[in-house]
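This report concerns only the one structure given below.
Just so it is clear, none of the values below were taken in a lab; they were calculated from the coordinates. Keep in mind that this is a model prediction, so the values were computed, not measured. Cβ atoms come from the backbone with ideal geometry, glycine included; neighbour counts cover every protein chain shown.
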Amino acid sequence: MSTQPWWQTTVVYQIYPRSFRDTTGNGIGDLPGITEKLDYLATTLGVGAIWISPFYKSPMADFGYDVADYTSVDPMFGTINDFDVLLDAVHERGMKLIIDWVPNHSSDEHPWFIESRSSRDNPKRDWYVWREPSPDGSPPNNWVSSFGGPAWNYDDHTGQYYLCTFTKKQADLNWRNPEVQEAMFDDLMFWLDRGVDGIRVDVAHYVMKDPRLRDNPRLTARPMTITKDHGEYDMFEHLYDKGHVDNHALYRDVRALLDSYQPERFSIGEIHLSDWEEWASYYGDLDELHLPFNFSLLHSPWTAADIGERVAAVEAAVPAGGWPSYVLGNHDDSRIATRFGEQHMPVAAMLLLTLRGLPTLYYGDELAIPERFIPAEEQLDPHGRSLPGAGRDGCRTPMQWDNSHNGGFSPHGAAAPWLPLTDDWQDRNVAEQLEDPQSLLSLYRTLLSYRDSSAVLQSGDYREVDAPDGCFAFTRGEGSLTIALNFTDVTLELGFSGKVAVTTYLDDVAAPGVLRPNEGLIIEPG
């Protein structure tokens with residue numbers, strides 16, 4: 001049996017619950033819908049863990065990331081009993097369940113904030129970040145929201161501003177108040193005591209800010225490292241509104257809490273940083289986050305050289321004894337099939353599932369679901385409404401199960417899904433691709449099965465090897481396996497020998513010395 005922790009050997013599948021499976025017919029996915037599809041995840045596809053985006057009680061100003069009660073299930077998703085049924089069903093299948101934890105902010109409709117807002121002398125006033133206006137009545141400093149506009153909202157009732165790093169409906173918690181940490185840890189323990197296996201920490205590096213609330217320096221030009229337009233937010237150097245060194249003490253406390261449970265519980269943090277040293281600091285001395293999410297491939301140009309450079313940077317940054325992570329798609333970025341092109345999806349699948357580290361697969365990427373264009377006037381996402389072109393609705397469209405009513409997302413006769421399906425849903429769905437032995441879904445099933453039986457892919461070391469231009473190649477497990485990936489539309493001659501174990505073409509004519517256009521190979525010793 002492997003002595004590695006489960007989170008080093010598994011594959012995580014991210015579920016956006018609104019969009020996975022609707023069992024009630026209201027057009028919105030729910031927890032029973034996830035339970036209904038667990039056999040697809042565990043057996044048909046073959047992933048070992050699922051991460052569910054927020055399902056907590058919420059006014060849905062940011063679709064669940066504005067939490068109004070950290071220990072309840074929003075009625076649109078079901079009940080706490082539905083969650084318990086889901087958790088038991090996950091464990092019965094030998095899988096793990098990861099939930100979102102949103103520590104940076106709560107909804108302004110959370111009872112804590114309602115109390116905090118009620119008066120300046122309320123006992124919970126200091127549970128949030130309140131400050132006096134500047135002498136001219138303007139916000140306390142120049143911090144801006146990543147959703148546009150000032151990061152402060154004025155409260156007429158008490159005559160002060162409260163900090164809101166995201167939408168005005170999401171008030172930043174004051175983690176420098178010990179009562180806040182105690183309350184948030186109590187809420188986290190509510191789920192750990194129920195048996196959840198891990199947490200994904202939302203905007204993990206934002207939680208602690210500069211206690212002096214100093215102004216951020218203004219830039220004269222948009223940084224070249226920015227990959228997604230956030231408007232005015234990009235015109236500041238964010239020295240003081242996130243990433244304070246005190247985050248590390250907080251995550252040591254989180255880790256100690258997780259380590260107090262048996263069997264072990266897991267944490268992975270959403271950390272968008274281009275500075276690899278700062279990114280890697282969230283491992284601590286392997287006593288903070290188990291993993292920080294690594295988004296570098298998600299924003300990379302689709303070339304062998306660029307991908308290779310980014311993987312090398314990750315391998316160099318991860319501390320000794322640490323474990324990398326990789327992701328190509330998620331609920332905040334455009335669909336990979338649209339970003340890279342559908343012809344590159346097979347190589348992307350092999351890349352994700354053969355690198356050293358924990359891979360996270362976003363629902364529907366196994367089908368190459370494309371980004372759905374949704375006009376600005378029809379955007380539901382608050383980010384898209386405040387910053388044209390920044391909307392995330394297009395990557396959150398419903399899962400496409402079959403060619404029946406609403407793509408099998410909801411029952412016959414149900415209300416229209418909360419977002420429209422992609423135009424090709426009748427041909428691009430699970431049922432159709434299961435019938436095609438050379439579909440992308442068939443490739444994912446093959447790769448996941450191979451990975452599940454390969455100790456080398458689960459734990460072996462990584463080493464990049466020389467390859468022709470346009471090819472990214474590496475070995476795993478001291479050369480036990482060679483992975484060769486062709487990022488071009490032409491045939492490449494290789495100097496490799498051995499036996500082809502898997503080809504992204506899913507045929508029996510692949511050769512270890514040749515890479516066909518957009519082909520990936522797993523090569524075993526011959």
If you take the square roots of the eigenvalues of the alpha-carbon gyration tensor of segment 235-374 and sort them as a ≥ b ≥ c, do you get rounded (a/c under 1.5), prolate (a/b over b/c) or oblate?
prolate
Once R0 is set to 45 Å, what does the formula 1/(1 + (r/R0)^6) return for the Cβ-Cβ distance between R93 and F373, expressed as a FRET efficiency to the nearest 0.05?
0.80
Short version: ³J(HN,Hα) in whole Hz for each residue of segment 270-282, in order, from phi by Karplus 6.51 cos²θ - 1.76 cosθ + 1.60 (θ = phi - 60°), x for Gly and Pro, what are they?
6, 9, 9, 9, 8, 7, 5, 5, 5, 4, 5, 5, 7
For S138 and R214, what is the calculated FRET efficiency with R₀ set at 22 Å and r taken between the beta-carbons, to the nearest 0.05?
0.90
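Would you mind calculating the gained length between D332 and H405 on full extension (0.36 nm times residue separation, minus the Cα-Cα distance), in nm to one decimal? Write down the numbers at each step before the final one.
Working: separation 73, 0.36 × 73 = 26.28 nm, distance 2.72 nm.
Residue separation times 0.36 nm, minus the Cα-Cα distance, leaves 23.6 nm.
Going by average Cβ neighbours within 10 Å, how do the peptides 95-106, 342-353 rank, with the highest at the top? Before the final figure, lay out each step's value.
Numbers: 95-106: 23.3, 342-353: 21.7.
Ranking, from highest mean packing down: 95-106, 342-353.
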Candidates per chymotrypsin sites (Phe, Trp or Tyr not before Pro) in segment 360-448, loop by DSSP, up to 15 other Cβ within 10 Å:
F373
Which of the lysines could be linked to K209 by a straight reach, that is with a Cα gap under 21 Å, when you skip same-chain ones fewer than 8 residues away?
K124, K168, K169, K242
Ordered by residue, what ³J(HN,Hα) values in Hz, to whole numbers, does segment 476-482 give under the Karplus form 6.51 cos²θ - 1.76 cosθ + 1.60, where θ = phi - 60° and Gly and Pro are x?
10, x, 6, x, 5, 10, 10
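Treating only the Cβ atoms of Lys and Arg (+1) and Asp and Glu (-1) as charged, compute the dipole magnitude of segment 111-172 about its Cα centre; round to the nearest 20 debye.
Values: 7 positive and 8 negative charges, 35 e Å.
Here segment 111-172 has a charge dipole of around 180 debye.
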Using all C-alpha to C-alpha distances in segment 1-106, build P(r) with 5 Å bins and read off the rounded percent in each one.
2, 12, 22, 24, 18, 12, 6, 2, 1, 0
Treat each spin label as a single point 7 Å out from the Cα along the C-beta direction, and report the D186 to H299 distance in nm.
3.8
FRET efficiency estimate (nearest 0.05) - Cβ-Cβ, T43 to E278, R0 45 angstrom
0.65
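With a ≥ b ≥ c the root eigenvalues of the C-alpha gyration tensor of segment 410-464, is it rounded (a/c under 1.5), prolate (a/b larger than b/c) or oblate? Walk me through the numbers before you get to the answer.
Numbers: a/c = 3.16, a/b = 2.49, b/c = 1.27.
It is prolate, given that a/c is not under 1.5 and a/b is the larger ratio.
Just to be sure I follow: if Rg is taken over the C-alpha atoms of segment 111-172 and Rh is the Kirkwood radius over the same atoms, what is Rg/Rh?
0.95
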Let me spell out the model: positive unit charges on the Cβ of Lys and Arg, negative unit charges on the Cβ of Asp and Glu, origin at the Cα centre of the chain. What dipole size does that give, in debye rounded to 20?
240
Any idea how far the Cα center of segment 487-526 sits from the one of segment 392-439, in Å?
32
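At 10 °C and 1.306 mPa s, what whole-number value in µm²/s does Stokes-Einstein give for the translational diffusion of segment 462-524, with Rh from the Kirkwood sum over Cα pairs? Please list the in-between numbers first.
Details: Rh = 11.3 Å.
In µm²/s, the coefficient is 140.
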Loop trypsin sites (Lys or Arg not before Pro), segment 1-92 (other Cβ atoms within 10 Å of the site Cβ: 16 or fewer; DSSP):
none
Separation of the A455 and Y154 label points, Cα + 7 Å toward Cβ, nm:
6.7
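Pulled fully out, how much extra length does the chain show between D466 and L506, if you take 0.36 nm times their separation in residues and subtract their Cα-Cα distance?
That pair, D466 and L506, stretches by 11.9 nm at full extension.
Segment 412-489: which GluC sites (Glu not before Pro) are DSSP loop and have at most 15 other beta-carbon atoms within 10 angstrom?
Values: sites: E432, E435, E464, E478; in loops: E435, E478.
Those that pass, being in a loop and sparsely packed, are E435, E478.
Of all DSSP beta bridges in the chain, what percent run antiparallel (nearest 5)? Mind showing how you got there, number by number?
Details: 34 of 58 bridges.
Taking every DSSP beta bridge within the chain, about 60 percent pair in antiparallel fashion.
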Calculate log10 I(q)/I(0) of segment 4-58 for q = 0.15, 0.24, 0.28 Å⁻¹, where I(q) comes from the Debye formula with a single equal point scatterer on each Cα and nothing for solvent.
-0.47, -0.96, -1.13
With point charges of +1 on the Cβ of Lys and Arg and -1 on the Cβ of Asp and Glu, referenced to the Cα centre of the chain, which listed residue (G322, A501, F55) lies farthest in the positive direction of the dipole?
G322
Classify segment 318-455 as rounded, prolate or oblate, taking a ≥ b ≥ c as the square roots of the eigenvalues of its Cα gyration tensor: rounded when a/c is under 1.5, otherwise prolate if a/b is larger than b/c and oblate if not.
oblate
Between the modelled labels at E237 and S442 (7 Å from Cα along Cα→Cβ) the distance in nm is 5.5
The set of residues whose placed amide H lies less than 5 Å from the amide H of S325, leaving out same-chain residues fewer than 5 positions away, is N294, L358
Starting from the amide H of V465, placed 1.01 Å from N in the peptide plane, find each other amide H under 5 Å away whose residue is 5 or more places distant or on another chain.
A473, F474, T475
